[in-house]
Amino acid sequence: MQSTVKTMSVQGTILVLDGVSTNRIMLKVQLTAAWYHVVQGEKLAGLGALLRRTRPDLVLTAQTLPDGDAGDVKRLMLSVPALQDVPVVAIAPQNDRTARLRNLSEGLDDVLAYPFKDTLLLARVRSLLRARAETQDLKNSGNPQSVGFAEAPAAMIAPKRQGQIAVLAHTARTRTLWHKALSGRTQHSVCSHTLPNLSGVLSGTIPDAIVVELNSEPSGLNMLADLKSRTGTRRTALIGIIPDDNATLAAEALDRGADAICLGGFCPDEVSLRVEALIARKAHDEQMRDSLRRGLEESWIDTLTGLNNRRFAQTAMDQLLHSSVHKQRGFAVMLADLDHFKSINDRYGHSAGDRVLVEAGKRMKRAFGPDGFLARIGGEEFLFGLPNATREKALRKAADICSGVNSVPIVLADIPARLPVTVSIGLKVCEPPFSPIPDSSLSAESLIKCADKALYAAKQAGRNQVWMKQNAA
């Protein structure tokens, strides 16, 4: 009988840089035991080629290399656009606060000093990789190459802005001292509260960063987990302050959601450096989210009328159909077409025709109301999806659209004539019960075809009216 060997997937690639081979080997043993793929390097020379070949997810570098230092490594990483967001952690031979502050000011993501526990190292690695994974997801979602463009986007530079920092400490005296010390070292506004007063933090503007005092009491750790689980604060940067070198507490804090840990108590210079870096990263990610959101909105908006477009309508139809069948509620599909629109283009020009489309779209949107969706799917043709609809409701809504368009002629500034515009509508209403088994007659394509047949009948009957398709055949 053959035994089955179970394997685990590698969690990521980590580059270890150190001129001392025993240090590299020790780190490799610690990391490979946690299922990370480890690549090794000795010095700065040749690092560029090594980075391009291995594309690491994180770099652990000795504070001092044979031909450079950790700051040189970070600068090299920043010079390669594809690697700018790769975390770089310096490994220091001793707990030297001056050297740590220098590394943080050079842009390194953290500094760990020998000797450190495996649990702290691995917790920090997990924390940094989680943060990078979120940034990578945003980049991949907004990458033009994923939708057919040839060039990769330029790196985004988030503009500096004033943020808000909240301090949470166990005593009023501590919070006052930290508040005062931090206010003098940062451009951001600072507020302070006493643990566990979470309501004070959440009552106003959500802070960009929260500094939390951690000790043997569970309230600090619980606060980290609570803040990370809330929708409003899950992207807020969290910095834990530990009064001693308690690596176990630091590791637990990182796994509970802390983005950074300050061991050995509150150092205003270190806290301000970490806060600045984390707020800058948060602003960068927010900028990417906004850009992605705008890109998605633009991809489903018709640039002429400002209504949704055909691409949006395809997804919206599928959602309307799925939701209606699942909830066993009726719905309606309407196809509308402006009557004699070609004659407007022929007589007054396409510019006038475009403005008529814009005005007609506005009128239809007002008449249709907020329920369901409206999209321009081509030329002078518009598609409506109406949820929770009966035949009576759908017919009434279609009649409202017709009267909303034709009630008043359209007036264009450069054309003396008043342009009477009417619309014909084909309507298909579907009412429950619906079978949970997929039915070809109840698909987005078949329903639009039914509405199109009804629209053709409305045109044949004289236009400026609503016709309803009685069945799906």
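Every read-out reported here was derived from the displayed coordinates using simple, explicitly stated rules and does not represent laboratory data. Fair warning: this is a prediction, and the values are worked out from it, not measured in the lab. FYI the Cβ positions are ideal-geometry reconstructions off the backbone, even for glycines, and counts take in every protein chain you see.
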**OP:** Using θ = phi - 60° and the Karplus relation 6.51 cos²θ - 1.76 cosθ + 1.60, list the HN-Hα couplings for segment 111-120 in order, rounded to whole Hz, with x at every Gly or Pro.
**Re:** 9, 10, 10, 5, x, 10, 7, 4, 4, 5
Original post:
Cross-link partners among aspartates and glutamates for Lys397, C-alpha distance below 15 Å, same-chain residues fewer than 8 apart left out?
Top reply: Asp371
Subject >> Reference-scaled alpha-carbon Rg (2.2 N^0.38 Å with N residues) for segment 199-238 >> reply: 1.12
Original post:
Toward the positive end of the charge dipole of segment 18-123, about the Cα centre and with charges on Cβ (Lys, Arg +1; Asp, Glu -1), which of Gly107, Leu60, Leu31 goes farthest?
Top reply: Leu31
Original post:
Tell me, what is a quarter of the convex hull surface for the C-alpha atoms of the chain, in nm² with one decimal?
Top reply: 33.8 nm²
**OP:** Just tell me which aspartates and glutamates come within less than 20 Å, Cα to Cα, of Lys43; anything on the same chain fewer than 8 places away is out.
**Re:** Asp18, Asp57, Asp67, Asp69, Asp72, Glu106, Asp109, Asp110
**OP:** With a point put 7 Å past each Cα toward its Cβ, work out how far Ser441 is from Val20 in nm, to one decimal.
**Re:** 8.0 nm
Original post:
To the nearest whole percent, what portion of all C-alpha pairs in segment 160-292 is separated by more than 20 angstrom?
Top reply: 39 percent
**OP:** Evaluate the charge dipole of the chain about its Cα centre and quote only its size in Debye, nearest 20, assuming +1 on the Cβ of each Lys and Arg and -1 on the Cβ of each Asp and Glu.
**Re:** 1040 debye
Subject >> Alpha-carbon Debye profile of segment 310-469, log10 I(q)/I(0) at 0.09, 0.17, 0.21 Å⁻¹ >> reply: -0.30, -0.94, -1.34
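Would you please put 36-43, 307-314 in order of how densely packed they are, using the mean number of other Cβ atoms within 10 angstrom per residue and starting with the highest?
The packing order, highest mean first, is 307-314, 36-43.
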**OP:** Scan around Lys469 for amide H atoms under 5 Å from its own, H built in the peptide plane at 1.01 Å from N, and keep only partners 5 or more places away or cross-chain.
**Re:** Leu427, Lys428, Val429
Original post:
Among Lys180, Lys469, which comes first, then next, by fewest other beta-carbon atoms within 10 Å?
Top reply: Lys180, Lys469
**OP:** Would you mind checking the pairs Lys117/Lys228; Lys228/Lys282; Lys365/Lys469; Lys74/Lys180; Lys365/Lys453 and listing those with alpha carbons more than 20 angstrom apart?
**Re:** Lys117/Lys228; Lys365/Lys469; Lys74/Lys180; Lys365/Lys453
**OP:** State to the nearest 20 debye the size of the charge dipole of segment 255-355 about its Cα centre, where the only charges are +1 on K and R beta carbons and -1 on D and E beta carbons.
**Re:** 420 debye
Original post:
Residue-wise, which Karplus ³J(HN,Hα) couplings in Hz belong to segment 164-181, taking 6.51 cos²θ - 1.76 cosθ + 1.60, θ = phi - 60°, and x for glycine or proline?
Top reply: 10, 10, 10, 10, 10, 10, 7, 10, 5, 5, 5, 5, 5, 5, 5, 4, 5, 5
Original post:
For segment 337-409 and segment 37-91, what is the separation of their C-alpha centers, rounded to whole Å?
Top reply: 59 Å
Original post:
When the distances between all Cα atoms of segment 11-137 are binned every 5 Å from zero, what whole-number percent does each bin get?
Top reply: 2, 11, 23, 27, 22, 12, 2, 0
Subject >> Counted charge near Pro438, where neighbours are those whose Cβ lies closer than 14 Å (Asp, Glu -1; Lys, Arg +1) >> reply: -3
